[in-house]
Amino acid sequence: MLCCTWLATLTFIGVVPEYKCNYVGANESVLVGSCHLKIFLDDHLKEIPCPNGWTFKSPYNYISIIQQFDWICGLEWVPALGQSIFFVGSVFGSLVFGVLADKIGRLHCLVASNTLACIGNMVTVYSTDPTCFVMSRFVAGCATDTNFVMMYIIVMEYIRPKMRTFGLNLTIGLFYCLGCMAVPWVAVALGNWWLFLSVISLPNLLIISFYLYVPESAQWLISKGRTSKAIECFKEIARYNRRTIPAKAIDSLKDYCEKHVDALTGKHENLLGLLKTPKLRKKTLILIFKSMVMTLCYDAISRNVNGLGYSPFVVFTITSSTIFPACIFILATQDRVGRKALASGALFVSGLFTISSGIFQAFMEKPVPIIILSLAIIARLSVNIAYNSGAQYAVELIPVVVRGQGVSAIHVAGYAASFFSPQILLLSNLWIPLPDVILGVLLILGAAACLFLPETLDKVLPLTLEDGEIFGENEGIFEFSCCGKSRTMSRADLIE
């Protein structure tokens with residue numbers, strides 16, 4: 001649930017209230033605007049900046065950082081730049097913590113990233129100028145993604161394969177959904193951005209206590225030749241679950257590690273291997289593009305809560321409620337229709353409804369808020385499906401020998417694209433529906449790109465770079481598992 005707070009902080013510390021020039025009087029020759037006073041003198045119109053500040057009307061009387069520091073009327077770039085730098089920090093932090101996770105362990109990186117998130121957010125609380133604000137958002141951004149991914153990896157590496165899709169999707173869908181729905185009302189109850197940011201940041205320090213009861217990744221320990229420590233972790237989990245590991249299973253694991261760990265660590269492929277051959281390079285670049293589109297649009301659609309005719313707190317809560325149904329939908333359909341059909345279809349539907357929302361805002365004389373909100377909810381549901389299922393698709397397509405590096409690089413590319421999310425949302429100042437149109441077009445392009453990826457359902461996944469080069473090359477772009485008979489490929493099929 002703590003992982004949902006990064007999205008909430010991006011959204012609610014920078015809620016844009018309604019505002020107009022603070023002017024007291026009833027002079028008919030003065031028109032009060034948002035950023036200027038228009039004064040008629042001798043048949044001439046004179047426009048002057050607000051001389052006495054602004055009057056704000058914020059939902060639930062919530063005071064955002066924009067209202068406190070008057071970052072409006074030419075200073076809108078400050079919060080937008082802060083959010084963009086936040087994602088620059090995410091890219092930097094993901095790369096650094098990704099390397100450290102393979103060197104010092106997943107648990108250390110999990111604790112360090114959550115501690116860093118708390119530090120960055122608390123520095124933001126005490127920021128009084130744009131420079132300090134932007135720097136603090138970089139620090140907080142360095143922890144984002146890592147504080148989720150490390151816990152995800154630790155859990156995934158302990159759950160048995162048949163339960164991974166169910167366990168991870170259900171757990172994340174339930175608790176992440178509940179967290180996102182509750183956080184807006186925590187902000188409303190606290191009444192201002194700095195108290196809200198303090199309250200949701202300090203619990204990150206509780207992660208330090210994970211050293212007492214969360215074991216290190218056993219797979220990482222084995223990869224480092226620390227088989228005895230890995231066995232201790234397995235036994236600890238077994239005791240917690242009131243189970244006993246048979247001695248035969250432990251002996252078998254020891255024998256396997258003695259025979260195979262050295263062989264596995266003897267030859268190291270690197271990330272550049274994904275780009276050396278043309279067919280594997282094409283798949284890798286498509287996955288990178290898909291990740292960039294999904295992450296950018298997921299962030300922008302999630303935070304595009306202004307201008308829909310309802311309070312941003314209400315909109316965020318309602319759209320967040322789609323997270324859990326999205327996970328249930330994935331569980332019910334992903335192994336039936338296939339990865340390609342689900343990824344492409346979800347991106348297309350999200351793009352279609354995002355554009356429709358923008359068109360309704362642009363061309364309806366009196367936009368009906370309930371229609372626009374309904375379109376936004378469907379778009380959010382679809383992008384949730386695409387985002388949550390997309391991670392598994394990438395993991396399955398990247399060959400095992402470079403899977404860790406490849407998936408990390410794809411994930412970082414997505415966060416790098418999120419740098420442009422605040423800038424795209426800022427384009428609503430030029431034309432209100434413009435962000436929806438841009439995001440919709442990107443989503444549809446992402447859907448089209450997915451058609452050129454091979455299906456992975458019921459197929460032996462590529463082990464080596466050579467396997468990845470020939471994997472799925474005889475498959476048509478409109479060939480889906482749900483439209484034909486699926487079959488399980490053998491290693492011989494890949495070679496042929």
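The values are calculated or read from the model by the stated rules, or taken from the named source; none is laboratory data. Here the structure is a predicted model, which means the values were calculated and not measured. Neighbour counts are summed over all protein chains in view; Cβ atoms, including those assigned to glycine, are modelled from backbone coordinates with ideal geometry.
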Next on the checklist: Tell me which helices (runs of 4 or more DSSP H) are completely within the range 398-476 and hold 3 or more residues being in the same structural domain as I288 (by TED's automatic domain parsing) and in contact with a Cys (Cβ under 7 Å, 6 or more places away or on another chain), or say none if there are none.
Outcome noted: 434-450
Checklist entry - (1) modelled with pLDDT of 90 or more; (2) within 20 Å of the chain's Cα centre (by Cα): which one isn't true of G98, the others all being true? => result (1)
Item to check | Yes/no for L178 being in contact with an Asp or Glu (Cβ under 6 Å, 6 or more places away or on another chain) and part of a helix (DSSP H, G or I) | outcome: no
Checklist outcome for this item: Result of the Cβ filter at 8 Å on the range 120-149, keeping first residues that are in the same structural domain as C109 (by TED's automatic domain parsing) and at pLDDT 90 or above and partners that are assigned to a helix (DSSP H, G or I) and charged (D, E, K, R), at least 6 apart or interchain, is G120/R137; T124/R137
Checklist outcome for this item: Of the listed residues (L347, L331, L342), the one being in contact with a helix residue (DSSP H, G or I) (Cβ under 6 Å, 6 or more places away or on another chain), surrounded by fewer than 17 Cβ atoms within 10 Å (Cβ to Cβ) and outside the structural domain of V78 (by TED's automatic domain parsing) is L331
Checklist entry - Does the range 365-374 contain at least one residue that is within 23 Å of the chain's Cα centre (by Cα) and over 13 Å from K290 (Cβ atoms)? => result yes
Next on the checklist: Exactly one of these conditions fails for A189: (1) small (G, A, S); (2) surrounded by fewer than 21 Cβ atoms within 10 Å (Cβ to Cβ); (3) touching a residue at least 12 places away in the same chain (Cβ under 8 Å). Give me its number.
Outcome noted: (3)
Next on the checklist: If R137 satisfies all but one of (1) in contact with a Gly (Cβ under 6 Å, 6 or more places away or on another chain); (2) assigned to a helix (DSSP H, G or I); (3) surrounded by fewer than 17 Cβ atoms within 10 Å (Cβ to Cβ), what's the number of the condition it fails?
Outcome noted: (3)
Item to check | Residues being surrounded by fewer than 24 Cβ atoms within 10 Å (Cβ to Cβ) and of a type outside the set (A, V, I, L, M) - total across the range 407-430 | outcome: 7
Next on the checklist: Checking the structure you have, find out if any residue of the range 30-44 is in contact (Cβ under 8 Å) with a residue 40 or more places away in the chain and polar (S, T, N, Q).
Outcome noted: no
Item to check | Per-region count, the range 154-182, residues modelled with pLDDT of 75 or more and touching a Lys or Arg at 6+ places or on another chain (Cβ under 7 Å) | outcome: 1
Checklist outcome for this item: Subset of the range 431-460, residues more than 23 Å from M292 (Cβ to Cβ) and either exposed (fewer than 14 other Cβ atoms within 10 Å of the Cβ) or under 27 Å from the mean Cα position of the chain (by Cα) (or both), comes to W431, I432, L457, D458
Checklist entry - Scanning for something in a helix (DSSP H, G or I) and either modelled with pLDDT of 85 or more or in contact with a Phe, Trp or Tyr (Cβ under 7 Å, 6 or more places away or on another chain) (or both), does the range 486-495 turn up at least one residue? => result yes
Checklist entry - All but one of (1) crowded, with 20+ Cβ neighbours inside 10 Å; (2) touching a residue at least 60 places away in the same chain (Cβ under 8 Å); (3) over 30 Å from S64 (Cβ atoms) hold for F196; which doesn't? => result (3)
Checklist entry - Under 9 Å by Cβ, and 6 or more places apart or on different chains, what pairs join a residue from the range 357-386 that is outside any helix (DSSP H, G or I) with one that is buried (at least 19 other Cβ atoms within 10 Å of the Cβ) and aliphatic (A, V, I, L, M)? => result M364/I372
Checklist entry - of a type in the set (S, T, Y), in the same structural domain as F289 (by TED's automatic domain parsing), in contact with a Phe, Trp or Tyr (Cβ under 9 Å, 6 or more places away or on another chain) and modelled with pLDDT under 90, is that true of S311? => result yes
Checklist entry - What residue, of G173, G225, is in a loop (DSSP other than H, G, I, E, B), of a type in the set (G, A, S) and not assigned by TED's automatic domain parsing to the domain that holds I477? => result G225
Item to check | Every residue from the range 433-474 that is of a type in the set (G, A, S) and on the phi > 0 side of the Ramachandran plot | outcome: G472
